[in-house]
1. Residues in segment 135-144: is at least one part of a strand (DSSP E or B), at pLDDT below 90 and in contact with a helix residue (DSSP H, G or I) (Cβ under 9 Å, 6 or more places away or on another chain)?
2. Could you check how many residues of segment 297-311 are part of a helix (DSSP H, G or I), touching a helix residue (DSSP H, G or I) at 6+ places or on another chain (Cβ under 8 Å) and either under 22 Å from residue 411 (Cα atoms) or not assigned by TED's automatic domain parsing to the domain that holds residue 415 (or both)?
3. Scan segment 99-130 for residues that are assigned to a strand (DSSP E or B) and either surrounded by 15 or more Cβ atoms within 10 Å (Cβ to Cβ) or touching a residue at least 60 places away in the same chain (Cβ under 8 Å) (or both) and report the count.
4. Is it fair to say residue 146 is out of contact with any strand residue (DSSP E or B) (no Cβ under 8 Å at 6 or more places or on another chain), assigned by TED's automatic domain parsing to the domain that holds residue 179 and more than 30 Å from residue 16 (Cα to Cα)?
5. Considering every residue within segment 630-649, establish whether at least one is modelled with pLDDT of 80 or more, closer than 30 Å to residue 283 by Cβ and outside the structural domain of residue 524 (by TED's automatic domain parsing).
6. Report the residue count in segment 87-122 for those that are under 35 Å from the mean Cα position of the chain (by Cα), at pLDDT below 85 and within 23 Å of residue 21 (Cα to Cα).
7. With respect to residue 560, is the statement that it is out of contact with any helix residue (DSSP H, G or I) (no Cβ under 6 Å at 6 or more places or on another chain) and modelled with pLDDT of 85 or more true?
8. Exactly one condition in (1) at pLDDT below 80; (2) in the same structural domain as residue 299 (by TED's automatic domain parsing) is not met by residue 622; state its number.
């Protein structure tokens, strides 16, 4: 029995509370009263009694800990454990361990345990709760922050007040239970205070000088951003329609809604549990706080590594020399000559920021509607991960792609994409770069280009592959066609998403999948093929896959790179057919696209003339082997027997107390094991998948820096 359901029943007439234990879903049990319930998962079979009867007398002890592996080891070490009849279960909630015992003595062994935040005990007699005792630390509540809302309009005041209340709530519980979440709360507060000052300025309650002082004070850790904000508002004061209260309210509503979801999931089920509330559903009793801690561990690890990476300094020091000449002719001989020179240029080294650095944080939450998605203020994971993160289809490794979008947008696209905002905040073409773009078509080219200009003009050349009217993506125009500034402007706007996605996929493949083509292709297509399918984006997915894996091929033969990638994609798709959680009809649709000569010819032309250069530029100028090492490094990894690879040497489903420092390496190892044995996942019961998903998340939580 790997899973049971614990339900808490409340009789609305006599206000009595009782518990029920069932192997069936609680909604099938017809309790005829109000109830909240959550699934519990067996740790192992070493603890007493093989099963729990429907009627139980004894103690239910809810253990609050972020170090469940330490607690499990401690309980295993109790010498008289055979005399203490108890059973230990794992939960998705903040009470991450739930102990059932028929002995009173076990409590004596819990007092003072350093791995516990605290615990609460329900004394049970024939399922009825006789008493509830609490052993919880005393916390001193204090006000986190407040704003004077007397000068704010009624609607804005209501939203600000709601956010202030939510932030104070989140800060109190974070300070007591989850200190690593405080930087996220601080970042939300910083944004909210900025919006508050903007609202005061737009309503003429403060002038621009007062606004400047307030903004500089609120953004003291990032004065450059503060200066840009002041300059921006100084420019728009004469044009009140360029930014107004509607914009501010929209931003605040986004923050308020995500903050409430995140608060509910993180802290909706904290002590005291017999009276706490959470959204309805399968986890309504204990919540999903522990699962979200795992999500937070992944986010903070990646965020910390990228925040230490001084991309700007690396680029300035490594690429001060002139850039390579441009590839103007689409023939293979010209490309071979260009690639030979290009690949011999110096790559990007890794520079760690030596001084304190400003870093923006995102709120995290699970979402049924958004799935895996990055927004301005948050990053979400699919709600299915709660039960299915062990499967390749809903692996939490998908988060790496979303978080890379944040890095690419803030560090790469904003710096290199040749569209920029003018003084009025409108998007326009970088005319200085455009003039150099025009000059490359002249035989008497006298310009000396920097690496940065080389990248920007390369983006222009790639964007030139789309007709400005957008009617055809695959017209066989030459890559060296010179466009007017307006034509190129329109093409760059249309191509922004595809260029960003290409960079993200190449970096994801090299940073997090360690350039393993077969593993990468199976992993991403297993994920894609388990979701609602849209054939409108099918060629995009195929091309992104090809771009990613060809970044690992060091050859100037573009045709060979493309054709081999197509062959490899087809081979790996065939290997993941006939898997329970993959729609075979979707696989066949993809395979048919790959076998269509017309379609492949179009994609090949598209890749060769517009994308292969982006692939090479990303691998050469945006990728850092040092950052890859930082993301995946852990001194506690064990060298595997084959290929010199380092792993955690996992025993799937077993709770061994070992230190995990890299959640990325952990998730990849589990995913790689499952991908390698994907057919063996057929027929694996839902209960086992759920338990292994909770097991994996428990290990991920232990990676969080204490």
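1. Within segment 135-144, one or more residues are part of a strand (DSSP E or B), at pLDDT below 90 and in contact with a helix residue (DSSP H, G or I) (Cβ under 9 Å, 6 or more places away or on another chain).
2. Number satisfying all stated conditions: 10.
3. 13
4. Spelling it out, it is not the case that residue 146 is out of contact with any strand residue (DSSP E or B) (no Cβ under 8 Å at 6 or more places or on another chain), assigned by TED's automatic domain parsing to the domain that holds residue 179 and more than 30 Å from residue 16 (Cα to Cα).
5. Looking for residues that are modelled with pLDDT of 80 or more, closer than 30 Å to residue 283 by Cβ and outside the structural domain of residue 524 (by TED's automatic domain parsing), one finds none in segment 630-649, hence no.
6. 0
7. In short, yes.
8. Condition (1) is where residue 622 drops out.
The values are calculated or read from the model by the stated rules, or taken from the named source; none is laboratory data. All figures in this text were calculated on a predicted structure; none of them were measured in a lab. Please note: Cβ atoms are built from the backbone with ideal geometry, for glycine as well, and neighbour counts cover all protein chains shown.
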